[in-house]
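For reference, the structure discussed in these notes is given below.
Any read-out appearing in this document is the output of simple, stated calculations on the displayed coordinates, not a laboratory observation. These figures come from a predicted structure and were not determined experimentally. Neighbour counts run over all protein chains shown; Cβ positions are idealised from the backbone, glycine included.
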Amino acid sequence: MTAALRQQLIETAQAMNASGLNQGSSGNLSVRCDEGMLITPSGMNYAGLIDDDVVWMDYSGNCRGSRKPSSEWRFHAAIYTHRADAQAILHAHPVNCAALACLGKGIPAFHYMVAIAGGKDIRCADYATFGTAELSDHVIAALEGRKACLMAHHGLTCFAEDLPEALVLAIEIEQLAAVYSRILSMGEAKIIGDAEMAKVLTKFSSYGVQD
Ligand SMILES: [Zn+2]
């Protein structure tokens, strides 16, 4: 189980870079495992990662393994602690999400697909220094009722029920961020009303569920 999860974590990290969501080793990924999580190591190129490079740690920061965990492990631990629905977490600095976040903007309901993150909008978490408990608090607040948030002057964090789904969600949100950025360069976005978004959210609760 653990070996398979380590391999899936490495493959998803590599896919995250191949998809253009992430450059270099700035992003990080984790998955729940044995009362803790497996997380990508700090500052290593994903291309050459092997199983032993993946770090297991508990939510207090106690590690097993030969590598140091991602410097941003703290908000991963906070999400697993606060959100029972989070099984895998992806964090990256994708260009369009990061650009909006550097303006302090979240993503409003300019398009119905915004509901994919679980709510009528995708919030932008307040800024705090990376790796701090203060940043974790901001991320937890921005994720309330959502599976994703932008992070001011930073990037994107999202979670899902497994690693492949977290990657799919991140790609969808970066696409939304790209379209929203385009709209902002042309004018003002027209926002879908709360009542319609409530309808969309109801439909999304069964979206992708095959009989
Ligand atoms: Zn980051």
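Think of each Lys and Arg Cβ as +1 and each Asp and Glu Cβ as -1; about the Cα centre, that makes the dipole of region 21-82 roughly 160 debye.
Scalar couplings 3J(HN,Hα) for region 140-148, obtained by applying the Karplus form with A = 6.51, B = -1.76, C = 1.60 to θ = phi - 60°, are 4, 5, 5, 8, 3, x, 9, 10, 7 Hz; x denotes Gly and Pro. Mean-square fluctuations from a GNM of the chain, with a 10 angstrom spring cutoff on Cα atoms, peak among Ala178, Ala47, Ala195 at Ala195.
In terms of other Cβ atoms within 10 Å, Met151, Met113 run from fewest to most in the order Met113, Met151.
For region 1-71, the ratio of Cα radius of gyration to the globular rule of thumb 2.2 N^0.38 Å stands at 1.01. Simple rule: put +1 on each Lys or Arg Cβ and -1 on each Asp or Glu Cβ in the chain, find the dipole, and look at Met16, Ile140, Ala198; the Cα lying farthest toward the positive end is Ala198. Distances between placed amide hydrogens fall under 5 Å for Lys68 paired with Ser42, all partners being 5 or more residues away or on another chain.
Among Ile183, Ile10, Ile122, sorting on how many other beta-carbon atoms sit within 10 Å of each Cβ, with the fewest leading, yields Ile183, Ile10, Ile122. Residue-wise HN-Hα couplings along region 71-88, as the Karplus relation 6.51 cos²θ - 1.76 cosθ + 1.60 with θ = phi - 60° gives them from phi, are 5, 9, 4, 4, 6, 4, 4, 5, 5, 4, 6, 8, 10, 5, 7, 8, 10, 8 Hz; Gly and Pro carry x. Taken one residue at a time, the phi angles of region 110-115 give Karplus couplings (6.51, -1.76, 1.60, θ = phi - 60°) of 6, 9, 4, 5, 4, 5 Hz. Gly and Pro are set to x. Ordering Met186, Met197 by the number of other Cβ atoms within 10 Å of each residue's own Cβ, fewest first, gives Met186, Met197.
Rounded to the nearest 10 degrees, the angle from helix 194-204 to the longest Cα principal axis of the chain is 50 degrees. Per DSSP H run of n ≥ 4, the term is -39500 (n - 2.57); total these for the chain, divide by its residue number, and report the mean residue ellipticity at 222 nm rounded to 500 deg cm²/dmol. After summing the helix terms and dividing by residue count, I get -12000 deg cm²/dmol.
Springs join every pair of Cα atoms under 10 Å in this Gaussian network model of the chain, and among Asn28, Asn17, Asn62 the largest mean-square fluctuation is at Asn62. Taking square-rooted eigenvalues a ≥ b ≥ c of the alpha carbon gyration tensor, is region 72-209 rounded, prolate or oblate, where a/c under 1.5 means rounded and, failing that, a/b exceeding b/c means prolate? Oblate, because a/c is 1.5 or more while a/b does not exceed b/c.
GNM on the chain, alpha-carbon springs under 10 angstrom: the most fluctuating residue among His82, His93, His111 is His82. When only Cα pairs below 8 angstrom with a gap of at least 6 residues are kept, the chain shows a relative contact order of 20 percent. Would region 22-108 count as rounded, prolate or oblate if I go by the C-alpha gyration tensor, calling it rounded below 1.5 in a/c and otherwise prolate when a/b exceeds b/c, oblate otherwise? Oblate shape, in that a/c is at least 1.5 and b/c is the bigger or equal ratio. Amide H contacts of Leu21: none lie under 5 Å away among residues 5 or more positions distant or on a separate chain (H built 1.01 Å from N in the peptide plane; Pro and chain starts excluded).
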